[in-house]
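Trainee: Quick one: structure below, then a few questions.
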Amino acid sequence: MSFLPPILQAVERKGYKVFQGEYDLNIIGVRMDASLEDPNHYSDHLYVVYMRRGCWEIFWAPLSTTPGTHYLESPMHKDKGCAVLAPQQARGAYKIGMHFSHPGLLQRGAKVKFYRDNDRSNTIELDPSTLIEKYAGLNIHRGSPNARQDTEVDPDSKGYVNNFSAGCQVASPKDIQRLLWLCKKQIATHPSWPELFTYTLITEGDL
């Protein structure tokens, strides 16, 4: 058993599986407390942690784990409200595919847990009574082209989440491209495995 990087120690403390094989990806989202109050920014964190030649490597990128204000205020399912992915380890839930016209990780392998927020405000309310588990198309895909930029500095930078997410996990196109490259490395390294990927969402308080 090798030493685990701190982010994997946090995953293990939750009782979740940590993958330690060569290019056996740990794809992790960390939801920051601030993103519940101000969900239109890429204030969360994406980690892809994996072993290469016996050593840990980590890819990090800004992420949004919450829907943008566009769909919070005007949900796609107006009678149900906007979906907000719940913290969990979704084992084998994702596979590479096309999210509309762009590649991403699609929720095709397993059900996931999520809340419904239907108060039409621009903040996130996680009501336990709305928690459900099903196939819902809560994918991992590209968001704003300038998701890495500080949107407070330049309001015209197009770095806000806005309508890029109705409950999906979104990052900049370049960061999603890197994530998919790593997923393809896992497939190439382990051709006999199912082409499925696990996504683990934890919170700032779990760190």
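The values are calculated or read from the model by the stated rules, or taken from the named source; none is laboratory data. Values in this document were obtained by computation on a predicted structure and should not be read as measured data. Ideal geometry is used to build each Cβ from the backbone, glycine not excepted, and the neighbour counts take in all protein chains shown. In case anyone asks, the SASA skips ligands and DNA or RNA and just uses the protein heavy atoms, side chains included. Shrake-Rupley method; radii C 1.70, N 1.55, O 1.52, S 1.80 Å.
Trainee: I need every pair where a residue in the stretch 47-65 that is without any contact (Cβ under 8 Å) to a residue 40 or more places away in the chain has its Cβ under 9 Å from the Cβ of a residue that is part of a strand (DSSP E or B) and surrounded by 16 or more Cβ atoms within 10 Å (Cβ to Cβ), sequence separation at least 6 or different chains.
Mentor: That search, which allows pairs on different chains as well, returns E57/V48; E57/V49; E57/Y50; E57/M51; W60/H45; W60/L46; W60/Y47; W60/V48.
Trainee: Let me ask you something else. Name the single residue that is farthest from the chain's Cα centre (by Cα) among those in the stretch 119-139 being within 14 Å of T66 (Cα to Cα) and buried (at least 17 other Cβ atoms within 10 Å of the Cβ).
Mentor: I124
Trainee: Tell me which residues, restricted to the stretch 161-207, are under 21 Å from K17 (Cα atoms), within 16 Å of the chain's Cα centre (by Cα) and part of a loop (DSSP other than H, G, I, E, B).
Mentor: L196
Trainee: Just need a number here: residues in the stretch 101-111 that are out of contact with any helix residue (DSSP H, G or I) (no Cβ under 8 Å at 6 or more places or on another chain) and either touching a residue at least 40 places away in the same chain (Cβ under 8 Å) or over 24 Å from N40 (Cα atoms) (or both).
Mentor: Adding up the residues that qualify gives 4.
Trainee: To continue, here is another question. Out of F3, F19, which single residue is modelled with pLDDT under 95 and not basic (K, R)?
Mentor: Testing whether each residue is modelled with pLDDT under 95 and not basic (K, R) leaves just F3.
Trainee: Follow-up question, since we're still on this one. Can you tell me how many residues in the stretch 98-111 are surrounded by fewer than 19 Cβ atoms within 10 Å (Cβ to Cβ), of a type outside the set (K, R) and either part of a loop (DSSP other than H, G, I, E, B) or in contact with a Pro (Cβ under 7 Å, 6 or more places away or on another chain) (or both)?
Mentor: 3
Trainee: Which pairs turn up if I take residues in the stretch 2-13 that are over 15 Å from E204 (Cα atoms) and of a type outside the set (D, E) and look for partners that are open to solvent by 10 Å² or more (accessible area, probe 1.4 Å) and part of a loop (DSSP other than H, G, I, E, B) with beta carbon separation below 9 Å, at least 6 apart in sequence or on another chain?
Mentor: Final answer for the pair search is S2/Q20; S2/G54; L4/V18; L4/Q20.
Trainee: Quick check, is A147 at pLDDT below 95, surrounded by 17 or more Cβ atoms within 10 Å (Cβ to Cβ) and within 20 Å of A93 (Cβ to Cβ)?
Mentor: In short, no.
Trainee: Within the stretch 68-78, does at least one residue satisfy the condition of being part of a loop (DSSP other than H, G, I, E, B), surrounded by 16 or more Cβ atoms within 10 Å (Cβ to Cβ), of a type in the set (S, T, N, Q) and without any contact (Cβ under 8 Å) to a residue 60 or more places away in the chain?
Mentor: no
Trainee: For residues that are in contact with a His (Cβ under 9 Å, 6 or more places away or on another chain) and over 11 Å from A136 (Cβ atoms), tally how many sit in the stretch 77-105.
Mentor: 6
Trainee: Let me ask something additional. Only residues that are of a type in the set (S, T, N, Q), part of a helix (DSSP H, G or I) and open to solvent by 20 Å² or more (accessible area, probe 1.4 Å): list them for the stretch 1-56, please.
Mentor: Within the stretch 1-56, just Q9 meets the criteria.
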